[in-house]
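The values are calculated or read from the model by the stated rules, or taken from the named source; none is laboratory data. From a predicted model like this one, the values you see are computed outputs, not experimental measurements. Virtual Cβ from ideal backbone geometry, glycine too; neighbours counted across all protein chains shown.
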Amino acid sequence: MEQVVGPKYQSKGSAGKDYDPSFAREVYEKVDSGAELKMCMQCGVCAGSCPLRDKMDYSPRKIFALIRAGKREKVLKSKAIMLCTSCYSCIVRCPRKVPVMDIMHGLAHYALSLGYKPRAETALFGEKFWGNIYRLGRVDEKDVALRYFLGHKLSDAVLLMLENKNMGLGMLRYKRMKVLPERPLKNIKSFRKMLDKAKAMGKGGAA
């Protein structure tokens, strides 16, 4: 018997159109912690607990409702899934202990893997940050910043450098950033193999 993934509702102006379970199934199967969404009872505690709810286009509760409604594009293009700061407020207060934070992060990673970039700046910074980790096995703040700036067109890159120069000078002054380049880890090849394996496992490429 086919599993029911959500209640059937009728939306205003769309009488007779039931919820589409196909995207919910996709989330259950392909998004990290996605199957835990089945426990959500739409109480709204997560939305009321989130400190960034006013910055989101959709609250976590609405994101979950949209998933059940089959609104794939709205969810994957939503800025909300990229805004979670891992404060754990939603998880601590959820009466059913739904790992809301993990699901939101899972949706963000899934959207990026499909080529969606709900927040282009965040995605660009993340790309440069993780590229730095992969190359060196540690973070070189000035290298990450430079690569992030140069990921923009030249005029914008210059403006970003000028806007952030005081922060950079402050980091140098308080020894939070080195002048000389960071050296890679001694066992960087083994470290990269570990990251490659983790990436393959995330894509279902390893048992």
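Assorted remarks:
- Some residue of segment 179-192 being in the same structural domain as residue 26 (by TED's automatic domain parsing) and basic (Lys, Arg): no
- Residues of segment 80-108 satisfying the condition of being loosely packed, with under 13 Cβ neighbours inside 10 Å and of a type outside the set (S, T, N, Q): 88, 92, 95, 96, 97
- Pair list, Cβ under 8 Å, 6 or more apart: segment 78-94 residue of a type in the set (A, V, I, L, M) and at pLDDT below 95, other residue surrounded by fewer than 15 Cβ atoms within 10 Å (Cβ to Cβ) and assigned to a loop (DSSP other than H, G, I, E, B): 80/57; 83/52; 91/97
- Residue within segment 184-194 that is farther than 27 Å from residue 109 by Cα and either in contact with a helix residue (DSSP H, G or I) (Cβ under 8 Å, 6 or more places away or on another chain) or surrounded by 11 or more Cβ atoms within 10 Å (Cβ to Cβ) (or both) present: yes
- In segment 149-167, the residues that are over 19 Å from residue 123 (Cβ atoms) form Cβ pairs under 8 Å with partners that are not in a loop (DSSP other than H, G, I, E, B), at six or more places apart or across chains, as follows: 161/149.
- Residue match in segment 160-181 (condition: within 23 Å of residue 64 (Cα to Cα) and at pLDDT below 90): no
- All of 151, 131 fail the test of being surrounded by 15 or more Cβ atoms within 10 Å (Cβ to Cβ) and assigned by TED's automatic domain parsing to the domain that holds residue 187, apart from 151.
- Every listed requirement among (1) among the charged types (D, E, K, R); (2) without any contact (Cβ under 8 Å) to a residue 24 or more places away in the chain; (3) assigned to a loop (DSSP other than H, G, I, E, B) is met by residue 178 save one, (2).
- Each residue in segment 25-81 was checked for being touching a His at 6+ places or on another chain (Cβ under 7 Å) and either assigned to a helix (DSSP H, G or I) or of a type in the set (S, T, N, Q) (or both), and 0 pass.
- Taking first residues from segment 102-125 that are free of Cβ contacts under 8 Å to residues at least 40 places away in the same chain and partners that are hydroxyl-bearing (Ser, Thr, Tyr) and surrounded by 15 or more Cβ atoms within 10 Å (Cβ to Cβ), the Cβ contacts under 8 Å between residues at least 6 apart in sequence or on separate chains come to 124/148; 125/148.
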